[in-house]
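The values are calculated or read from the model by the stated rules, or taken from the named source; none is laboratory data. Computed from a predicted structure; not experimentally measured. Cβ placement follows ideal geometry from the backbone for every residue including glycine, while neighbour counts extend to all protein chains displayed.
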Amino acid sequence: MLTLLTLNLQAAALPRAERILNWLNARDDHTIVITETSNGSGTAHLLDRCREAGLLVVHRPSTDGDRGCAIISRIPAATRPELTAGITLPGRAVAVTLDTDPAVTLLGIYVPSSDRAPAKITKKKAFLTSVIDAVAAIPARERRRLVLTGDYNVIHRGHTPHYPVFQAFEYAFLDQLADLGLTDVHQHLHPGVQVHSWYGRGGNGYRFDYFHTGSALAAAAISYRHLEQSRTSGLSDHDAVELILTAKPQVGSRQPA
């Protein structure tokens, strides 16, 4: 079995980054997608410790202080920078092909958040459009074995509760993923069940963190669950999300030190 995890780092400072690392040490995920990385000491510490332990770390620090995305893998993987070359805000997208049977291509993204400010809306819309273009450019055979995950900062059309602040282009992003043959794993395994991965100050819940799989992997998804502990224990303001697939890692796993 192949275990994948996505977790929003919330730009952790050093003490919290150490706690997150300890929590990840206690788990046996094969590959982890970390969103909302920063150029600060907390992100650097977490990623450096993983590198020192011999794990693969793929991360592109921002040149302008923007937040980003990273992949940490306990199994070998080939980095795939060509898959993200056309994505705006390149530090927010990272891709690898995992050494599994069958091979799985993993694309992690951290979508910008936005309010009603025109500049933020433009930034988010351009990023989402470029992600759709990047996924569409992946050859159909490989796209069938694609896993897309991360903090999308969008909700689906049937989300409960409904939030009128979200715009048509944000709902369209999930529709376009479906048009490209990608399956929302939560909806596939738990149809009609509303989950939330982030809560606003007023306690309103949002489902922002996702796993999507290509058609060849939809049936391979045997477990999908939100891990509230990452949020309730103060490691992050998001639930971590875990996906287990019936793909076989080719080598044994290693733990970060």
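Filtered by the rule that a residue be assigned to a loop (DSSP other than H, G, I, E, B), within 19 Å of Ser113 (Cα to Cα) and modelled with pLDDT of 95 or more, the stretch 66-82 gives a lone residue, Arg67. Considering the stretch 92-117, the residues that are farther than 20 Å from Leu217 by Cβ and at pLDDT 95 or above include one that is farthest from the chain's Cα centre (by Cα), namely Pro112. Within the stretch 181-194, the set of residues being surrounded by 17 or more Cβ atoms within 10 Å (Cβ to Cβ) and touching a helix residue (DSSP H, G or I) at 6+ places or on another chain (Cβ under 8 Å) comprises Gly181, Leu182, Thr183, Asp184, Val185.
What strands (runs of 3 or more DSSP E) lie completely within the stretch 148-257 and have 2 or more residues being more than 23 Å from Leu128 (Cα to Cα) and touching a residue at least 12 places away in the same chain (Cβ under 8 Å)?
It comes to 221-227, 240-245.
Of the residues in the stretch 91-106, not one is surrounded by 18 or more Cβ atoms within 10 Å (Cβ to Cβ), assigned to a loop (DSSP other than H, G, I, E, B) and in contact with a Gly (Cβ under 9 Å, 6 or more places away or on another chain).
Regarding Ala126, is this residue within 26 Å of Ile20 (Cβ to Cβ), outside any loop (DSSP other than H, G, I, E, B) and at pLDDT 95 or above? So Ala126 does not fit the description; no. As a summary of the residue check, Thr63 satisfies the conditions (1) of a type in the set (Val, Ile, Thr); (2) part of a helix (DSSP H, G or I); (3) out of contact with any strand residue (DSSP E or B) (no Cβ under 8 Å at 6 or more places or on another chain) except for the one numbered (2).
For Arg141, the test of being in contact with a strand residue (DSSP E or B) (Cβ under 9 Å, 6 or more places away or on another chain) and without any contact (Cβ under 8 Å) to a residue 60 or more places away in the chain is failed.
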